[in-house]
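One structure is given here, and the rest of the page talks about it.
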Amino acid sequence: MQQTGIHQLGTSTALLLMVGFYVATFLLSLTIVRRKENVDAYMVSNSAIGFGMAAASMMATWIWAASFFASATSGYRYGLSGPIHYGLWGALMILFIYPFGRRFRELAPRAHTLAEILHARHGTSSQMVMAISNIVGSCISLMVNFSAAGALVAVLTPLSFTHGVLIAGTGVLAYTLWSGFRASVMTDFAQLVAMVVAAAVLIPMVYFNAGGSTLLEQGMANLTSEQADFFSTTAFLEQGAPYLVAVLAYAIGNQTIAQRLFAVRQDLIKPTFITATVGYGAVVIGLGMLGLLALFAGITPLEGDSNNLIPQMASQYLPPFAIGLFFILVVGSLSSTADSDLSALSAIMMTDVYGKHLAGKRPNPRIMLLVGRVTMIVATMIGIIFASLRLDILVVLVFVGALWGAIVFPVIASFYWDRVDNRAFSWSVAVAVTLFCLVRFQVVPLDGAFGYLVEGIALVGSGVVAGLMAFGFFGRRAGLAVGAATILGLSTIVFGALRDYIPLVAALVAYGASAVVCTALSLRSKERFDFALLDERVRNFQESAFDRAGAKDRGTTSAGAIPEPRA
């Protein structure tokens, strides 16, 4: 196999592209600056975003830096089915969460964070489980995106890794700080348009310059039998299934997705999510094809790092102007997710920390805005520092993923089943995370009875994942039927061998354990929750002139005392 070098942009060219990109984005954000900002607009745009902006923002947020490199790596590693197993499942998860999102909005139309609704449903402990997992997850995502900027700059320019991190961090903060979520959504739209245009130009250009159909005919010799199999079992068990499970947890547990759900107009949730599903799948599967083309061409990743595949393909098969376009494509993708993380973190600190715990019953809108902006500054500093240290964040990332997987069933059940209480929620999450850690880090060998027990719980987890998807669209009976059929069907195929796929079995254990414990404790509960209370308890933080008279928003008045949860 051949190993190609990487053509670098000049220092002045790289600086012009990056600084120009962030200056243009900053100027765009100035068009929506308000002298007197509204708290609810700062966090969720008063829940009034239209279809185009919402769909574009959802796609731009979901397509982050990892989507580029991981999709290409999947195509390179697993062959024909690789890009599908990365892009398709990620796209379908956007679609599958929309019915649950619609339920959240029906129950609490004025919500800002999912943790805020959990506070109204269960109280403080459940809220903080969600809020802390969101904070840690968004900080990690921020660090990953800043690290991707540093790596891109270090590979494609003479500048250093630290230069890339600093420019990206400063640029994203500059255009997000004042207008918050509204700036994130507006710039997401522009960044997505740039990404789609760039992808539509670059991917065909690489394909034809690499040899087109001739490359496909001759390159088949470079594929193993598994890579040449479009229905490869190995690709599904090692890439498709773990990713499907992970992104469902990400979709439910991550504030960047919930924030857009609470921001879009309630009647536009369905078309927004369907459009985002199609758009995400098309772009990410297309990017994965670059890795597949690298496999056909017999290219070996530079320095053994598969993250270099896309820069290598761009360098070898694109003219200089197109390499610059590719550079902006990646910068735009990582920036769109980084600004979403900043907006998510500010909303969590404003709502779940200050609004619910520090401010008492009458939050001050001016202080809330200050808290949100200080949060963005501190989060950016943390992201830059940890990205510059190049720390190994795999263990923390795995743990946060487990926490999100463990909360999926309790969160969804809490908004459909009136018997789920705080005890059921908290204990199910605690047990699921503990079992996940035992399995994922192989603290206890998966031998004998324990191994079969773990596989049994994992099979239940597979039924939970499939059942929840069916339940969202077709109701309880369909969910139970699909879940049971999945458990029975897979038990005849993979039981006894599932433990060989540790990442997959560990993720499924988190789903299965949380579902079993939550269901068991809820069945013993004598409480019956009135879901109508959620709309009463979850309110806007600020009564504006728009709220009072439908006029131009100019107010800074507190919306009044916030009701406390009661049994």
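The values are calculated or read from the model by the stated rules, or taken from the named source; none is laboratory data. It should be emphasised that the depicted structure is a prediction, and the values quoted were computed from it without experimental measurement. A quick note on method: Cβ atoms are made from the backbone with ideal geometry, for glycine too, and the neighbour counts reach across all protein chains shown. The protein model used for the area step is the full one, side chains on, heavy atoms only, and it has no ligands, DNA or RNA in it. Shrake-Rupley method; radii C 1.70, N 1.55, O 1.52, S 1.80 Å.
Atom-type composition of the exposed protein surface of the stretch 419-528 places 67 percent of the accessible area on carbon and sulfur (1.4 angstrom probe). Once you reduce the stretch 224-267 and the stretch 404-459 to the center of their Cα atoms, the two points are 20 Å from each other. Of the chymotrypsin sites (Phe, Trp or Tyr not before Pro) found in the stretch 191-253, those in coil by DSSP whose Cβ has at most 14 other Cβ atoms within 10 Å are Phe230, Phe231.
When Trp178, Trp404, Trp417 are compared by accessible area at a 1.4 angstrom probe, the order from most to least is Trp178, Trp417, Trp404.
Annotation: extensible slack from Thr300 through Ala228 equals 24.1 nm (criterion: 0.36 nm per residue apart, minus Cα-Cα distance). Each residue, Val443 and Leu30, gets one label point 7 Å from its Cα in the Cβ direction; the gap between the two is 5.4 nm. A 1.4 Å probe run over the protein chains yields, for the stretch 419-528, 48 Å² of accessible area per residue, whole-number rounding. Solvent exposure of the stretch 263-362 amounts to 29 Å² per residue of accessible area, where only protein heavy atoms count and the probe is 1.4 Å. The figure for Ile135 is an accessible area of roughly 50 square angstrom, using a 1.4 Å probe on the protein chains alone.
A helix-only calculation puts the chain at -23500 deg cm²/dmol for mean residue ellipticity at 222 nm, using -39500 (n - 2.57) for each DSSP H run of at least four residues, averaged over all residues. Rounded to the nearest 20 debye, the dipole size of the stretch 447-540 about its Cα centre is 320 debye, using +1 on the Cβ of Lys and Arg and -1 on the Cβ of Asp and Glu. Given R0 = 41 Å, the distance between the Cβ atoms of Glu217 and Thr13 translates into a calculated FRET efficiency of 0.65. When all protein chains stay in place, what accessible area (Å², nearest 10, 1.4 Å probe) is found for Leu237? Roughly 30 Å² of Leu237 is accessible to a 1.4 Å probe. Note on Asp500: accessible area is roughly 120 Å² with a 1.4 Å probe, heavy atoms of protein only. Among the trypsin sites (Lys or Arg not before Pro) in the stretch 295-375, those placed in a DSSP loop whose Cβ has at most 12 other Cβ atoms within 10 Å are Lys361.
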